[in-house]
Amino acid sequence: MLQKPIKMPLLIKNGRIYQNGVLTAKNIFIESGKIRKITDSEVQAKEVIDAKGKIVIPGIIDPHVHIREPGLTHKEDFQSGSRAAAKGGITTFLDMPNTMPPTTNAERLEEKRRLARKSVVNYGFHFGSTLDNLDEIKNAKNIASVKIYMDPTTGDLKIEDLGVIEDIFKTGRMIALHAEGDNIKKIIEIIKKTGKKAYFCHVSSEKELQFTQDHETKNNVLVEVTPQHLFLTSEDAEKLGSLAEMKPRLKARRDQEALWKGIREGTVDTIGTDHAPHLLEEKRKVSFPYGIPGLETMLPLMLNAVNEGRLELKTLVKLCCENPAKIFKIKSKGFIKEGYDADLTIVDMPLVKEVKNEELETKCKWSPFNGWKLKGWPVMTIVNGNIVFDGKEIKNIRAKEVEYGA
Ligand code: DOR
Ligand code: ZN
Ligand code: ZN
């Protein structure tokens with residue numbers, strides 16, 4: 001049963017909150033789904049969360065998620081996928097268009113909107129492109145981006161015609177791409193010609209990262225990397241078999257190091273899970289589908305890296321909260337600020353826990369990180385001022401579609 005959202009004044013006290021690059025001991029007062037006050041004093045509230053020993057960061061925004069609804073709901077739907085997000089500390093996700101049917105016209109977008117109402121975290125949509133849906137692209141309402149697939153992967157949205165791609169760029173809409181290897185270079189040429197921006201999903205190799213850093217266009221280029229390409233390599237793929245098969249494929253250690261260097265140097269802009277669930281029985285077939293789940297492991301993996309000294313918390317918040325909000329112009333999210341939406345993730349840095357397949361909320365119930373012991377976990381997820389994940393249980397409280405603006 002879905003509960004109506006309770007708009008109760010809520011106080012988070014005794015925690016250290018992340019604001020402007022530093023952690024400060026402040027209380028957060030929440031009302032009507034918004035951060036009303038960030039203060040030293042204790043405001044009266046109906047409900048009080050004691051965040052002693054914990055860190056409060058802006059809710060994680062995952063810009064790249066494949067919820068499989070409509071059409072492939074045996075793999076995931078908006079309820080199961082959003083519950084997985086809540087458990088992983090993710091308060092907003094942007095859904096990809098390669099569903100069945102794909103999200104390539106207004107009617108299908110509206111249908112997806114209707115289906116997504118059961119989501120327990122906030123959501124937005126990337127719109128799909130085909131060889132002949134330019135008018136639909138121009139008129140699509142409230143979308144994060146137009147996604148162009150240039151390489152074969154799940155679904156049937158591949159476009160090779162560079163003329164068509166250039167026309168899509170010329171619509172002036174935000175563009176997100178699945179482009180691998182030399183296809184990135186081809187897009188860089190289109191960016192040079194049109195002066196438009198592009199968001200490259202899951203950049204996975206040293207060479208690809210170099211292509212994105214062409215000095216003429218690098219200010220118009222945004223780079224996403226996935227946790228799987230940061231924490232696994234082709235060596236792991238030897239052990240994991242098809243459970244480590246995704247597009248783009250896992251790369252060599254040297255590529256992985258280049259991605260980490262990109263994070264340190266600021267050439268990587270966001271982390272996206274590319275949560276792409278497929279059932280184990282599907283992955284075990286000879287002709288298995290590509291993709292792995294990731295909503296529940298992204299934040300613990302990144303927090304573990306912070307604990308290991310491989311990543312600064314400041315960089316984590318930039319990559320996983322601030323930049324996704326800025327790049328896709330998501331309104332009132334990504335920062336802990338008065339007046340902003342009360343989407344918050346509370347993390348326990350010293351907590352050590354193992355990733356366990358059987359504890360996952362995703363319908364596919366497996367992870368390539370099964371058995372990994374990680375230090376640093378989300379212990380509470382607050383969405384629109386409601387405690388959706390309290391460290392143990394997930395409540396089915398409906399969330400909202402995001403809005404975009406300047
Ligand atoms: O491995 C992948 N799986 N890469 C993609 O680009 C799509 C995704 C999926 O939808 O399964
Ligand atoms: Zn992709
Ligand atoms: Zn994807």
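Can you tell me which of Gln19, Gln79, Gln44 moves the most in a GNM of the chain? Springs connect C-alpha atoms under 10 Å apart.
Gln44
Can you put Asp77, Asp95, Asp390 in order of accessible area, largest first, using a 1.4 Å probe?
Values: Asp77 25, Asp95 0, Asp390 80 Å².
If we order Asp77, Asp95, Asp390 from most to least accessible, we get Asp390, Asp77, Asp95.
What aspartates and glutamates does Lys52 reach when the alpha-carbon gap must be under 18 Å and sequence neighbours fewer than 8 apart in one chain are set aside?
Hits, sequence-local ones excluded: Asp40, Glu42, Asp348, Asp390.
Please list the radius of gyration and Dmax for the chain, considering alpha-carbon atoms only, with Å as the unit.
Gyration radius and largest Cα-Cα distance of the chain: 20.1, 61 Å.
Taking R0 as 41 Å, what FRET efficiency do you get between Leu131 and Arg310 from their Cβ-Cβ distance, rounded to the nearest 0.05? Walk me through the intermediate numbers first.
Details: r = 43 Å, r/R0 = 1.05.
So the FRET efficiency works out to roughly 0.45.
Whole number in Å², please: accessible area per residue of the chain, 1.4 Å probe, ligands, DNA and RNA not counted.
Working: 16720 Å² over 406 residues.
Accessible area per residue: 41 Å².
Subtract the Cα-Cα distance of Lys141 and Val48 from 0.36 nm times their separation in residues, and report this length gain in nm to one decimal. List each step's numbers first, then the result.
Values: separation 93, 0.36 × 93 = 33.48 nm, distance 3.83 nm.
So the chain would gain 29.6 nm between Lys141 and Val48.
Straight-line reach from Lys356: which aspartates and glutamates have a Cα under 15 Å away, not including same-chain ones fewer than 8 places off?
The qualifying aspartates and glutamates are Glu296.
Within 10 Å, Cβ to Cβ, of Phe200, how many net charges do the neighbouring residues add up to if Lys/Arg are +1 and Asp/Glu are -1?
On the way: positive: none; negative: Glu180, Glu208, Glu224, Asp269.
Computed value for this residue: -4.
Carbon and sulfur: what percent of the chain's accessible surface (1.4 Å probe)?
46
Where nothing but the Cβ of Lys and Arg (+1) and of Asp and Glu (-1) is charged, how large is the charge dipole of the chain around its Cα centre, in debye to the nearest 20?
1060
If I model a spin label at Glu393 and Val22 as a point 7 Å from the Cα along the Cα→Cβ vector, what separation in nanometres do I get?
4.0
Per DSSP H run of n ≥ 4, the term is -39500 (n - 2.57); total these for the chain, divide by its residue number, and report the mean residue ellipticity at 222 nm rounded to 500 deg cm²/dmol.
Working: 13 runs with 104 residues, N = 406.
After summing the helix terms and dividing by the residues of the chain, the value is -7000 deg cm²/dmol.
What order do you get for 66-73, 260-267 when each peptide is scored by the mean count of other beta carbon atoms within 10 Å, highest first?
Working: 66-73: 21.5, 260-267: 15.4.
Sorting 66-73, 260-267 by mean packing, highest first, produces 66-73, 260-267.
Quick check: residue separation of Lys337 and Met349 times 0.36 nm, minus the Cα distance between them. What number comes out in nm? Numbers along the way, then the final one.
Values: separation 12, 0.36 × 12 = 4.32 nm, distance 2.24 nm.
Residue separation times 0.36 nm, minus the Cα-Cα distance, leaves 2.1 nm.
What FRET efficiency comes out for the pair Asp167/Ser41, r = Cβ-Cβ distance, R0 = 41 Å, nearest 0.05? All intermediate terms of the calculation are to be shown ahead of the outcome.
Values: r = 57 Å, r/R0 = 1.38.
After rounding, the FRET efficiency stands at 0.15.
Restricting attention to region 112-218, which trypsin sites (Lys or Arg not before Pro) occupy a DSSP loop and are surrounded by at most 13 other Cβ atoms within 10 Å?
Numbers: sites: Lys112, Arg113, Arg114, Arg117, Lys118, Lys138, Lys141, Lys147, Lys158, Lys170, Arg173, Lys185, Lys186, Lys192, Lys193, Lys196, Lys197, Lys207, Lys218; in loops: Lys141, Arg173, Lys196, Lys197.
Listed in order of number, the matching sites are Lys141.
Going down the table (Lys141/Lys392; Lys34/Lys261; Lys46/Lys400; Lys283/Lys373; Lys261/Lys326; Lys197/Lys333), which pairs top 27 Å between alpha carbons? List each step's numbers first, then the result.
Values: Lys141/Lys392 37 Å; Lys34/Lys261 36 Å; Lys46/Lys400 23 Å; Lys283/Lys373 24 Å; Lys261/Lys326 22 Å; Lys197/Lys333 22 Å.
Correct reply: Lys141/Lys392; Lys34/Lys261.
Enumerate the aspartates and glutamates that Lys118 could reach by cross-link, defined here as Cα to Cα under 12 Å, with residues fewer than 8 away along the same chain left out.
Here the aspartates and glutamates satisfying the reach criterion relative to Lys118 are Glu69, Asp77, Glu401.
With r as the distance between the Cβ atoms of Tyr290 and Ala252 and R0 = 22 Å, compute the FRET efficiency 1/(1 + (r/R0)^6) and round to 0.05.
Details: r = 19 Å, r/R0 = 0.85.
The computed FRET efficiency comes out at 0.70.
In the structure shown, do any of Lys13/Lys87; Lys186/Lys247; Lys87/Lys207 have a Cα-Cα gap over 27 Å, and if so which? Please list the in-between numbers first.
Values: Lys13/Lys87 21 Å; Lys186/Lys247 19 Å; Lys87/Lys207 34 Å.
In this structure, Lys87/Lys207 lie more than 27 Å apart at Cα.
List residues of region 54-81, by number, whose backbone nitrogen lies under 16 Å from a label position 7 Å along Cα→C-beta of Glu282.
65-81
Kindly sort His74, His215, His126 by accessible area of their heavy atoms, largest first, with the probe set to 1.4 Å. All intermediate terms of the calculation are to be shown ahead of the outcome.
Values: His74 85, His215 150, His126 0 Å².
Ranked from most to least accessible, the order is His215, His74, His126.
Counting only residues 5 or more places away or on other chains, whose amide H sits under 5 Å from the amide H of Ala45 once H atoms are built in the peptide plane?
Residues meeting the criterion, in which the H sits 1.01 Å from N, do not exist here.
The values are calculated or read from the model by the stated rules, or taken from the named source; none is laboratory data. Predicted, not measured: the structure shown is a model, and the values here were computed from it. Positions of Cβ are generated from backbone atoms using ideal geometry, with glycine treated the same way; all protein chains shown enter the neighbour counts. The accessibility values were calculated without ligands, DNA or RNA, using every heavy atom of the protein model including side chains. Shrake-Rupley method; radii C 1.70, N 1.55, O 1.52, S 1.80 Å.
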